[in-house]
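Here the structure is laid out as structure tokens; the discussion comes afterwards.
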Amino acid sequence: MSASEVRRQRLQTLSTNNPTSSTPGSYAHSISWVNPIMQRMNIPLSGGQYRNMTNSMSEISRGSMLNSQASAREGRHFFRDMFNPNLNMRGRVGAGIGFVANTVFGPAFHYNTDLNNYQMNRGQSREMRMAMHHHVAGDLFT
């Protein structure tokens, strides 16, 4: 089994065991259903991307990151992987798909979950709640 396959299996375990994995629109939920597709397509997962995803799930669980922020950050990492000389062409194409999905669609997809968490006062640090408050109020420069 390759290092990438091991990372995919570990990522699947971490995402499905995450407390928010059953919440549609959560970052962990998205990983838990996208990762098996990537695994079946034999698209490699770089070590940097694996660390990024696991760190993002931890930060979301602590309330220090929004689901939409995690998706946007993941898009930036996929962008780097598109030019990673250690990835084969399949890996680079997969990174390109991940880049588009996470920068164009991901934040919008996860935004509703973040907004619901804000409104229900669930799982967000004081700083995240204040940022969401200013965003919802349209006061982005405070």
Practice task
Normalising by the residue count of the range 3-137, find the relative contact order in percent from Cα pairs under 8 Å and 6+ residues apart.
Solution key: 24 percent
Completion exercise
One checks the Cα atoms of the chain and finds Rg and Dmax, in Å, of 15.4, 50
Fill in the blank from the handout: Computed about the Cα centre, the charge dipole of the chain from +1 Lys/Arg and -1 Asp/Glu charges at the Cβ has a magnitude in debye, to the nearest 20, of 340 debye
Problem - Residue with peak Gaussian network fluctuation, the chain [Cα springs, cutoff 10 Å], from Ser22, Ser30, Ser71 - result: Ser22
Practice task
Could you please rank Ile97, Ile60, Ile43, placing first whichever residue has the fewest other Cβ atoms within 10 Å of its Cβ?
Solution key: Ile97, Ile43, Ile60
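Read the figures in this text as sums done on the coordinates, not as results from a lab. The structure presented is a predicted model; accordingly, all values stated were derived computationally and were not measured. For neighbour counting, all protein chains shown are included, and Cβ atoms are generated from backbone atoms with ideal geometry for every residue, glycine included.
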